[in-house]
1. Percent of Cα-Cα pairs per 10 Å bin, from 0 to the last occupied bin, for the range B:201-293, please list those.
2. With a 1.4 Å probe and all protein chains kept in place, how much accessible area does residue A:95 have, in Å² rounded to the nearest 10?
3. Explain nothing, just compute: Karplus ³J(HN,Hα) = 6.51 cos²θ - 1.76 cosθ + 1.60, θ = phi - 60°, for every residue of the range A:79-89 in order, whole Hz, x for Gly and Pro.
4. In the range A:3-191, if every C-alpha pair distance is counted and binned at 5 Å from zero, what percent goes to each bin?
5. Mean-square fluctuation check for chain B, GNM, Cα pairs under 10 Å: which of B:78, B:282, B:115 is largest?
6. Using a 7 Å offset from Cα along Cα-Cβ at residue A:189, what residues in the range A:94-120 end up with backbone N under 15 Å from the label point?
7. Using only the alpha-carbon atoms of the protein assembly as shown as identical scatterers, what base-10 log of I(q)/I(0) does the Debye formula give at q = 0.06 Å⁻¹?
8. Just reorder B:298, A:188 by solvent-accessible area, largest first, 1.4 Å probe, all chains present.
Amino acid sequence: MNYFRTFTKGLIKENPVLVMLLGTCPTLAVTTLAMNGLGMGAATTFVLVCSNVVISLLKNFIPKQVRLPSFIVIIAGFVTFVSFMLRSNFPELYEALGVFLSLITVNCIILGRAEMFASKNNVCASFLDGLGMGLGFTLALILIGAIREVLGSGTFFGLSIGDWFQPIGFFSSPAGGFFVFGCVIALVNVLSNYKMSSKKIGCASCPNASACGQAEKGEVAE
Amino acid sequence: MNKLLVSPSPHFFTRTDTSAIMFDVILALFPALIAGIVFFGPRALIVTLVCVVSCVAFEWLVRKIMKRSNTIGDYSAIVTGVLLAFNLPPAIPIWMAVLGSFFAIIIVKQLFGGIGQNFANPAITARIILLASFGTQMTTWSKPFGYQGGVDAVASATPLADLYWANPWDLFIGNVSGCIGEVSALALLLGGIYLSFRKVINPLVPLTFIGTVFVFTWMLGENPVNHILAGGLMLGAIFMATDYATTPPVLGGKLIFALGCGIITTLIRVFGNYPEGVSFAILLMNLLTPLIDRIPMVNPLGKRKKGGAA
């Protein structure tokens, strides 16, 4: 296994938000400001890296039948740690993220990486995978947050970009969140050369193929 | 033998095509435009021209960029521009009108494939985006004839805010504050009658829409006459609820669409936070149109009835 590719695949090619469309709920909810995106991304990356490492270490001790509850317990432990840290050191960010901080526990990205990667690979690869996926998530959130903040509030990371600009409130609203989200997904599809091919309809051509267990078995979607 | 022409059907053609229909719609919009200019002055004409020019320019530009055949010749961008301008207050900053044209043509229409492929009405959607973004500018209304050197040219609210006691004659003629094209029910009705006469629209659709609003506002103890004359109801019912691309194609579906529009308009006007609900109603029903299309309303020829012969 190529460790460098394990790390970089999460940035664009298998970006958890923009290609696999996981973790959409926090992506849409907290990205009204770029700073919130950064905070949410950092907290999720921390939880993702730690839970990937711990699950990878414990993968031979967790019985297959109860693996999901076990993963959730491990993830929830780290989420509790992060939320206490934020509450004591960054109370403003803690307020801004609100309930979505606790909801990192049920973020599909973390459970997805635990199930698909960390429980099958060694510690070093799991660490790099968690870091890459977490950075990909963070970059996506900062990008969406920055676009929405500049257009919707006329500021960038809290700094005003000038009085000449009239903020377009639509981009701060949930509808604007979906709109920017869709545009960024389209951009990433262009960047990753994803083409809709009529010949290759099946699991192998799906952008999630490498993340999805079914594709490896060679199954073809009906 | 050359005189005998052998060809597959159809053998008879009509001259009607998209540009002819759009030309009829533009003609039908003229009375309302004239009413807007009379009541709100040259500013109304400027906003309308800006919307039309920017809509056509955006359409030309985006088709050029996407390397597709250019469709500005079918006049549909002109209709979108006029309808968008009719949904804006006369005092709106010019750049907002251009931004609205951008949303209408590029986002709502061309990104979904251009004319006939858009699922929502471009002008309505652009108006809603502007309303959600610039609440102040989109609800700053000019008084009618305020441009003739009036001191107090900016009114605080449209008649919709205090509808019960408004003068129905003023509402009918259009001597009220409001969006450029929506104020004069008379001018819009003239356009609607022309379109019905030319068979561009089915008059049952606007009648159902307006009738539903009339009945439901009456039942809720409002002033039904003022409700159907005020706001964007006439404009929406005649020119937007009859849009070909975004409403059901068969008559039964059209009537369900119009009924839904009327109910949602009434609910928003009477119980909602916004004084006007026509644009939201039409957009919501646009989104329901694919579902309405799935209700079978036309029996295919030769279809067997249940338990009986064909």
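1. 19, 55, 23, 2
2. Surface open to solvent at residue A:95 totals about 140 Å².
3. Coupling constants for the range A:79-89: 4, 4, 4, 4, 5, 5, 4, 5, 4, 7, 9 Hz.
4. 1, 9, 16, 19, 18, 15, 10, 6, 3, 1, 1, 0, 0
5. B:115
6. None, by backbone N distance to the label point.
7. Result of the Debye calculation: -0.41.
8. Values: B:298 100, A:188 10 Å².
Descending order: B:298, A:188.
The values are calculated or read from the model by the stated rules, or taken from the named source; none is laboratory data. Please read these numbers as outputs of a predicted model, since none were measured by experiment. A quick note on method: Cβ atoms are made from the backbone with ideal geometry, for glycine too, and the neighbour counts reach across all protein chains shown. Quick note on the areas: whole protein, heavy atoms, side chains included, nothing else; ligands and nucleic acids left out. Shrake-Rupley method; radii C 1.70, N 1.55, O 1.52, S 1.80 Å.
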